[in-house]
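See structure below.
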Amino acid sequence: MSKESKVAERIRAYREKLGLSVPDLAAKSSVDGKIIESIEAGEVIPALGVLTKLSRALGQRLGTFMDDQFKPDPIITRAADLDAASVRKEGTNALGYASHSLAIGKPDRHMDPFRIEFDADGVDMVSSHEGEELIICIDGEIELSYGEEKFTLRPGDTAYYNSVVRHGLKAIGGKGASIYGVVFMPL
């Protein structure tokens, strides 16, 4: 089962379990109904911001839509399995980035850590949601839009922020970029 179909099936299943129509979920999540339909049809991989909004509206944590297995602690991800090419191979969304969960198999987690690969000069879609985020730039240059401000992060730089403020990330400088990101959202 592909990443798109797994996410699609879970979003549809939780939506139907709650008795919500697509327009109901769109209103509750502030995600356009056409985008929800495209996600549920498996046509697009949702951006993390969109998936975050949908998970909150459905009363689930982000990992609910991404996990497909249980692993005992500790969850270890080897660097050799997490290079830029292998993350991109998992699928790049319409905003120009691919993400890989670093906590797959840990259903009782309170944070959602990711390795994220950005295409060169991708789209900066801002979003907001409850919680906090930590971003660690690994490679390239990342522009963080936070409220009305913009910040440039280079390898080794970090940003920690309240994610209720509208924020977005994109690669700049004409090259791709890589980050580790950790999202915390209270249920």
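The values are calculated or read from the model by the stated rules, or taken from the named source; none is laboratory data. Everything numeric here is computed off the predicted structure, so don't read it as measured data. Here Cβ is always computed from backbone atoms with ideal geometry, including for glycine, and neighbour counts include all displayed protein chains.
For ALA85, state whether it is among the aliphatic types (A, V, I, L, M) and either in the same structural domain as LEU20 (by TED's automatic domain parsing) or surrounded by 14 or more Cβ atoms within 10 Å (Cβ to Cβ) (or both). No: the conditions fail for ALA85. May I ask you to list the residues in segment 1-55 that are of a type in the set (Gly, Ala, Ser) and either closer than 22 Å to VAL182 by Cα or assigned to a helix (DSSP H, G or I) (or both)? Answer for segment 1-55, where residues must be of a type in the set (Gly, Ala, Ser) and either closer than 22 Å to VAL182 by Cα or assigned to a helix (DSSP H, G or I) (or both): SER5, ALA8, ALA13, ALA26, ALA27, SER29, GLY33, SER38, ALA47, GLY49, SER55.
Considering (1) touching a residue at least 12 places away in the same chain (Cβ under 8 Å); (2) over 27 Å from SER86 (Cβ atoms), the lone condition that ASP157 does not fulfil carries the number (2).
Of everything listed in (1) modelled with pLDDT under 90; (2) more than 19 Å from MET185 (Cβ to Cβ); (3) among the acidic types (Asp, Glu), the single unmet condition for ASP67 is (2). If you go through segment 140-160 and keep only what is among the acidic types (Asp, Glu) and surrounded by 17 or more Cβ atoms within 10 Å (Cβ to Cβ), you end up with GLU141, GLU143.
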